[in-house]
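*Asks:* Before anything else, here's the structure in question.
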Amino acid sequence: MKSKFWNYVLYNYFRKIKSKVFIGFNIFLIIVGLVLSQLGTIVKFFNETFDYSETIVIVDKTKQLYSRFEEDFNHLLSDVHLEQSNQSEEVLDKKIEDGTISAYFVIAYNDQHLLEATYVAEDFSNNSHYTIGEQLLSSYNKEIAMHSAGLTQEQINLLTENFSMTKISLDENAQTAEESMGNLAIAYVSIMFIFLFSYLYSVYAGQEVMEEKTSRVMEIIITSISPMKQLYGKIVYNSLYALTQLTIFMTLFLVSFQSMLKNLPEDIMENISIMISPDQAKIVIYIIIFAIVAYLVYLVSVLILSSIISSVEEYQIAISPIMIIGVVSFYIGIFGITSPEAPFIKIMSMIPFISPYIMPLRIATMTVSTSMIWLSIALNIVVIILVLTFGARVYKNGILNYSGDSVFKKFIQATKKS
């Protein structure tokens, strides 16, 4: 026969996964997953059904630049159709108002035989047309000025040639620029994932304790299972609940993402390169470990602090120190992406409660040794054990405390009781 502890764990676990919130959220995830899996079909449908092409007219009063301008412009922005015209600006303005064309350029020579141009559009919500046109005409203008100065074509080519500097790394294991960008993206996403995973599920668990205390249900639960077993039970079934939700999310995401890649148009697929290297796989494994560590350290802390409250208002006060630490750590991790080797970041990556948000960044940028990674994990585990050992007394003595004393005073009283 199952013990009271496992009866308590399994009852609450199945109660949570049968809740309307859990079912509703997963129905939402399924809908999102179906939309994501058919993204290629949706994109293809809209591309075939609606005409998104834009037409820009070029009035080339120089009689020399249109062909080159069209080729260079479409090389940078291929989905825009350019056509040459000698119509008046009044006629072209009317075409913009009617929606026949999106904009037009008027290109001419000034008194110094240098280029001058005018760009006319309905509005400047899409500024890329103007920016590209300005860059191209500016480069043409420099060439004209150089020719006017008597420079030969070879001299002009030398002056306009792009400078390129060779990069040589003495570390054979150094990341390439592409790998570095990919790893930074992994770090950025992982920090947000760890924050949401640890923050949301620990808050939900704390709210459950608050509801049990404020509704006096806790007094009934205590008659069936001791406070200590109740605390450990809450940790187990809340972790199982979070793990179940995470498994469903990851399964739906992977299936939908693979289906989406199969349905994407070829021109989009050519620009997508998805490959998980052994180093990146190792990074993902470390991220999962730190996500679990972050979840446990915040879950245990919030459950213990929630046990001393007597009202909703006190709940917000009780867990605010832990939540502030989480939010501050999250922003340190986000802004630390630009300087992962800064002394401050290195120190923060070793401090429990904070390190789960910082260490993934250093792992992704490969600025930390394996021994330091495991030391950071070990320190968090030690803190979890210490908090749980010390907090069990607080939970035991605070769970039935309904006094009107301040949260701080009730916390001190709970720690002093034997």
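Here, each number is a calculation from the coordinates, and none is a lab measurement. This is a predicted model, so every value here is computed, not measured. With ideal geometry, Cβ positions are generated from the backbone for all residues, glycine too; neighbour counts draw on all protein chains shown.
*Asks:* Based on Cα positions only, what radius of gyration and what Dmax would you give for the range 82-138, in angstroms?
*Replies:* 12.1, 36
*Asks:* Further question on the same structure: Could you tell me which residue out of H75, I309, G133 lies farthest along the dipole of the chain toward its positive end? Charges go on the beta carbon: Lys and Arg +1, Asp and Glu -1, centred on the Cα centre.
*Replies:* I309
*Asks:* While we're here: Under a 10 Å cutoff between Cα atoms, tell me which one of S307, S226, S138 has the largest fluctuation in the Gaussian network model of the chain.
*Replies:* S138
*Asks:* I would also like to ask the following. Quick check: the angle from helix 370-398's long axis to the longest principal axis of the chain, C-alpha only, nearest 10 degrees?
*Replies:* Computed tilt is about 40 degrees.
*Asks:* Please give the helix 278-306 orientation as an angle from the longest Cα principal axis of the chain, in degrees from 0 to 90, rounded to the nearest 10.
*Replies:* Once rounded, one gets 40 degrees.
*Asks:* Which of Y331, S355, I30 sits closest to the plus end of the dipole of the chain, meaning its Cα is farthest towards the positive end, when Lys and Arg get +1 and Asp and Glu get -1 on the C-beta?
*Replies:* Towards the positive end, the residue furthest out is S355.
*Asks:* Given a Förster distance of 30 Å, report the FRET efficiency between T223 and T247 from their Cβ-Cβ distance, rounded to the nearest 0.05.
*Replies:* On the way: r = 34 Å, r/R0 = 1.14.
Rounded to the nearest 0.05, the efficiency is 0.30.
*Asks:* Nearest 5 percent is fine: what portion of the DSSP beta bridges confined to the chain is antiparallel?
*Replies:* Here the antiparallel bridges make up roughly 40 percent for the chain.
*Asks:* Moving on. Give me D for the chain in µm² s⁻¹, whole number, from Stokes-Einstein with Rh from the Kirkwood sum over alpha-carbon pairs, 20 °C and 1.002 mPa s. The partial results should precede the final answer.
*Replies:* Working: Rh = 27.2 Å.
In µm²/s, the coefficient rounds to 79.
*Asks:* Let me ask something else. Would you mind checking the tilt of helix 89-98 against the longest principal axis of the Cα atoms of the chain, expressed as 0 to 90 degrees and rounded to 10?
*Replies:* It works out to around 30 degrees.
*Asks:* Find the all-direction average of the projected area of the Cα convex hull for the range 52-158, expressing the result in square nanometres with one decimal place.
*Replies:* Numbers: hull surface 29.3 nm².
Mean projected area of the Cα convex hull: 7.3 nm².
*Asks:* With +1 on the Cβ of every Lys and Arg and -1 on the Cβ of every Asp and Glu, and nothing else charged, how large is the dipole of the chain about its Cα centre, in debye rounded to the nearest 20?
*Replies:* Dipole of the chain, to the nearest 20 debye: 4420 debye.
*Asks:* Kindly provide the helix-only [θ] at 222 nm of the chain, computed as the sum of -39,500 (n - 2.57) over DSSP H runs of four or more divided by all residues, to the nearest 500 deg cm²/dmol?
*Replies:* Value at 222 nm, helices only, nearest 500: -23000 deg cm²/dmol.
*Asks:* In percent, what relative contact order does the range 52-158 have, based on Cα pairs under 8 Å that are 6 or more apart in sequence?
*Replies:* About 27 percent, as a whole number.
*Asks:* Have a look at N157, A108, V57 and report the one farthest towards the positive end of the charge dipole of the range 52-158, computed about the Cα centre with Cβ charges (Lys/Arg +1, Asp/Glu -1).
*Replies:* Checking the options against the dipole of the range 52-158, the answer is N157.
*Asks:* Label-point separation (nm) for K20 and D123, each offset 7 Å from Cα along Cα-to-Cβ?
*Replies:* Computed distance between label sites K20 and D123 equals 4.1 nm.
*Asks:* Could you name the lysines in cross-link range of K262, using Cα to Cα under 24 Å and dropping any fewer than eight places away on the same chain?
*Replies:* By straight Cα distance, K262 reaches K44.
*Asks:* Would you give the gap between the C-alpha center of the range 60-99 and the C-alpha center of the range 369-395, rounded to a whole Å?
*Replies:* 66
*Asks:* Too long at a 30 Å Cα-Cα cut-off: which of K16/K409; K63/K95; K61/K142; K229/K416; K16/K346? All intermediate terms of the calculation are to be shown ahead of the outcome.
*Replies:* On the way: K16/K409 33 Å; K63/K95 23 Å; K61/K142 18 Å; K229/K416 21 Å; K16/K346 39 Å.
Check vs 30 Å cut-off fails for K16/K409; K16/K346.
*Asks:* Given the options I222, I107, I186, which has the most mean-square fluctuation in a GNM of the chain, springs set between C-alpha atoms less than 10 angstrom apart?
*Replies:* Highest fluctuation among the options: I107.
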